[in-house]
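Here's the structure we're looking at; comments come further down.
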Amino acid sequence: REREEKEREESRVLELQKAEKMREQWLWAVFARLQREQGDKSTDTCKLNLRLEDGSREVRVFTADDLLQNVFDFVETRAVAAEWASKGMTPFGPSLDSIEEPVGYKHEYDFVLVSQFPRCVFDNRQMNLKEALAGKGLWPSASLIVEPLFEASESD
């Protein structure tokens, strides 16, 4: 019985390590994609001022054609961006070009984007950025807050 429990625990640890490795690869692949797309700026752009969960601010220009998904990905890859800026290489080698998203990995975001006034939650990541913001009077410049999602506890 002890042996079975130990094997189950080892298997669980290996699965967690595999999931974390896939998450790290996904983050780097998404960061690489964003870096490649950054130069593709049309004239119809929006300047987003993002207040992150730690209170810091990031400003980035997005195009009218970008999806909200790109904003979510930008926020999600901030730690990877900082690592790239300080080291100039990835855990997968010196180039961003060779990193691909892992097959079978589904990323879960633990935040939503929120405008303060008018209060609006932007969580439909497949929505066109201009369409989403202009409908609330927030185009071509907006301040959005990165708001964490909290899982409801069983006592709620």
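The values are calculated or read from the model by the stated rules, or taken from the named source; none is laboratory data. Everything numeric in this text was worked out from a predicted model, so none of it was measured. Methodologically, a virtual Cβ is constructed for each residue, glycine included, from the backbone with ideal geometry; neighbour enumeration extends over all protein chains shown. Ligands, DNA and RNA are excluded from the accessible area calculation, which covers all protein heavy atoms including side chains. Shrake-Rupley method; radii C 1.70, N 1.55, O 1.52, S 1.80 Å.
When you check ASP65 against the structure, is it more than 26 Å from GLU24 (Cα to Cα) and either touching a Leu at 6+ places or on another chain (Cβ under 6 Å) or open to solvent by 50 Å² or more (accessible area, probe 1.4 Å) (or both), yes or no? Yes. One residue stands out in segment 93-120 among those that are of a type in the set (Phe, Trp, Tyr) and open to solvent by less than 70 Å² (accessible area, probe 1.4 Å): the one that is farthest from GLY135 (Cα to Cα), namely TYR105.
Within segment 37-62, being charged (D, E, K, R) and either free of Cβ contacts under 8 Å to residues at least 24 places away in the same chain or open to solvent by less than 70 Å² (accessible area, probe 1.4 Å) (or both) holds for GLU37, ASP40, LYS41, ASP44, ASP54, ARG57, GLU58, ARG60.
Regarding segment 86-99, can at least one residue be identified that is acidic (Asp, Glu), in a loop (DSSP other than H, G, I, E, B), farther than 26 Å from SER141 by Cα and touching a residue at least 40 places away in the same chain (Cβ under 8 Å)? Taking every residue of segment 86-99 in turn, at least one turns out to be acidic (Asp, Glu), in a loop (DSSP other than H, G, I, E, B), farther than 26 Å from SER141 by Cα and touching a residue at least 40 places away in the same chain (Cβ under 8 Å).
Residue check: is ASP123 out of contact with any Gly (no Cβ under 8 Å at 6 or more places or on another chain) and surrounded by 13 or more Cβ atoms within 10 Å (Cβ to Cβ)? The answer is yes for ASP123. When residues in segment 14-71 are screened for being part of a loop (DSSP other than H, G, I, E, B) and polar (S, T, N, Q), 4 of them pass. For segment 72-79, state whether one or more residues are small (Gly, Ala, Ser) and either out of contact with any helix residue (DSSP H, G or I) (no Cβ under 9 Å at 6 or more places or on another chain) or open to solvent by less than 50 Å² (accessible area, probe 1.4 Å) (or both). Among the residues of segment 72-79, not one is small (Gly, Ala, Ser) and either out of contact with any helix residue (DSSP H, G or I) (no Cβ under 9 Å at 6 or more places or on another chain) or open to solvent by less than 50 Å² (accessible area, probe 1.4 Å) (or both), which makes the answer no.
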